[in-house]
Amino acid sequence: MSGDRKSRQLAALAVVGLGTSLAPLDFAVNIAFPVMTQAFGLQAHSIRWVAVSLLLTYGSLMLVFGALGDRIGHLRVFRAGLITGVVAFVGCALAPSFGWLLAARVLQGVAVALTLSCGPALATLLFEEGRRTWALSAYGAMAAVSALIAPVIGGASIALMGWPGVYWFRVPVMLTALLCLPVVARCLTQRPMQSRDGTRPDFDVFGSGLLAASVALLLLAPALPDQGSISASHSSSWIAGLCAVLGLGLMVAFIRHQRDRAHPFLPGTVVRDLDFWLINLAATIVQFTSFAVPLITPYYLMHVTGLSSLQSGLLLAIWASGSLLGSGGASRLVQALGNGGAAFVAILLSSAGLAGLAVQGEATRFGLMVCALWVQGLGLGLFQVVYTDLVVASLPLSARGVAGSLTMVTRTIGLVFGASLWMAVLQGLNASARAESIEARAAYASAYDGVMLAAAMVSGGFVLLSCLRRGLWFGRR
């Protein structure tokens, strides 16, 4: 490979990474949660909708846009996402009310779905197939860099511009990526999917609608119960149950519809592979348990340690730095242990980090917290790259957009359940401690430790159970 071509490929990959940074840079918003809660006069449990509105939208659209990219071109879909993202960030920053903010977050979710559905496909198609794992590792490392700087920039932006700053700073980032897209177009090695007669397969509009609606309903169900009061929770629980039933019904209809399609979203051989779905379940659990860290830790730092938004951002950047190292070093570990072995090690690291965060207490063991944040981030970053490579390798080249999208859908499912559950657990444990006349600061510290312990038990329990499936991890390359 000539040096000039390699330089162009690396430049193109950097542009793709810059464009897809609109998602990992959203960790800046987590730092703003306490400030936004006060600015809009919200109860703490209501702030979850800032996360859920985004996750619900892009989670339901990701596979649809991935399949669309496979058919009309990944770069076209990616470009539409960047344009939509600019509009969405401006709308979020100018939001005069909480309802307006949520509407703009939905639009941001569309932008995330458009870009992230085709981001992994573009990253791998810029290089030869033999360098696929390396490309995904570099792509994951760029996402980790974005997550690393997000809390720092977020804290600084809040100090300068208030909570809207966490949206304003991303507008020039998206505009820069948009202007640099011609660099990507010149390096792509794969054209959109074509049938044997040379024509492109039709896009399954009806099937896409079924899929998007079913995923949206299934993701909405766990987010609906209101933890603000018992009566509110009861009144919304039956609606959540109805959403779950309707979502399952639409998913069954989608699966039946796919059986008659010449180009289904997932090949039949993959659909019948139990190990494939167990690995996707592992990804959901890793994301579900890991999301407790950026969601709950800012509240702990504010209520227990008294750190400022900027200081909290710097501390959370340690977590993101671990993710950066895990993403960047994934390809080397895969060479030594295979994809399955590397994934197993990643889950162990994530579980260990969560366990370390579960013993902070009111005194705040900052040394242990720093180590635990770094180790948990290391496991998360490593797992996401290895898992993506496993899924991409399981699907044909013509379904590269669907493969990348599926890895984001499992991530989204984990994040939605995490956003819905962990805040409720925190509030419940805090209220229970306060009912026992425990001082407010100590009660919050105890509740935080309880959340992290629960997350560590879920993650570690899955690791133990997964060992019962012979060949799931160390039998896969």
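The values are calculated or read from the model by the stated rules, or taken from the named source; none is laboratory data. Because the structure is predicted, anything quoted here is derived from the model rather than measured. No Cβ is skipped: glycine too gets one built from the backbone with ideal geometry, and neighbour counts run over all protein chains shown.
For the reader, a short list of remarks on this structure follows.
- Of all residues making up the stretch 24-82, the number that are over 21 Å from LEU301 (Cα atoms) and free of Cβ contacts under 8 Å to residues at least 12 places away in the same chain: 1
- Of the residues making up the stretch 147-181, those that are closer than 22 Å to ARG332 by Cβ and polar (S, T, N, Q) number 0.
- Condition check for ALA138: within 26 Å of ARG411 (Cα to Cα) and either outside the structural domain of ALA39 (by TED's automatic domain parsing) or touching a His at 6+ places or on another chain (Cβ under 6 Å) (or both): no
One line per residue, one yes/no per condition, for (1) touching a residue at least 60 places away in the same chain (Cβ under 8 Å); (2) farther than 21 Å from ALA447 by Cβ; (3) of a type in the set (Lys, Arg); (4) in contact with a strand residue (DSSP E or B) (Cβ under 6 Å, 6 or more places away or on another chain):
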| site | (1), (2), (3), (4) |
| --- | --- |
| ARG365 | no, no, yes, no |
| GLN376 | yes, no, no, no |
| VAL386 | no, yes, no, no |
| LEU395 | yes, yes, no, no |
| SER405 | yes, yes, no, no |
| VAL409 | yes, yes, no, no |
| THR412 | yes, yes, no, no |
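- Scanning the stretch 118-141 for residues that are among the aromatic types (Phe, Trp, Tyr) and assigned to a loop (DSSP other than H, G, I, E, B) yields a single hit, PHE127.
- Reported count of residues in the stretch 246-277, each being surrounded by fewer than 16 Cβ atoms within 10 Å (Cβ to Cβ), modelled with pLDDT of 80 or more and closer than 19 Å to MET408 by Cα, is 1.
- Just one of the listed residues (VAL451, VAL409, VAL416) is within 18 Å of TRP277 (Cα to Cα) and either modelled with pLDDT of 85 or more or part of a helix (DSSP H, G or I) (or both), namely VAL409.
- Verdict on ALA442 being assigned to a helix (DSSP H, G or I), farther than 21 Å from ARG48 by Cα and modelled with pLDDT of 80 or more: yes
- Contacts under 7 angstrom Cβ, first residue in the stretch 7-21 being farther than 20 Å from ARG170 by Cα, partner buried (at least 23 other Cβ atoms within 10 Å of the Cβ), 6 or more apart: GLN9/LEU126
- Among the residues making up the stretch 18-66, those that are among the small types (Gly, Ala, Ser) and farther than 16 Å from THR412 by Cβ are GLY19, SER21, ALA28, ALA32, ALA39, GLY41, ALA44, SER46.
- Qualifying residues in the stretch 455-472 (those that are in contact (Cβ under 8 Å) with a residue 40 or more places away in the chain and not in a loop (DSSP other than H, G, I, E, B)) - the one nearest to LEU354 (Cα to Cα): ALA456
- Within the stretch 278-290, the set of residues being at pLDDT below 90 and surrounded by 23 or more Cβ atoms within 10 Å (Cβ to Cβ) comprises just one member, ILE279.
- Taking the listed residues GLY326, GLY306, GLY313, the one that is modelled with pLDDT under 80 and crowded, with 23+ Cβ neighbours inside 10 Å is GLY313, with no other qualifying.
- Subset tally (residues that are surrounded by fewer than 24 Cβ atoms within 10 Å (Cβ to Cβ) and either touching a Leu at 6+ places or on another chain (Cβ under 8 Å) or part of a helix (DSSP H, G or I) (or both)) for the stretch 395-406: 3
- Residues considered: LEU357, LEU395, LEU429. Of these, the only one that is closer than 23 Å to TYR139 by Cβ, assigned by TED's automatic domain parsing to the domain that holds ILE318 and hydrophobic (A, V, I, L, M, F, W, C) is LEU395.
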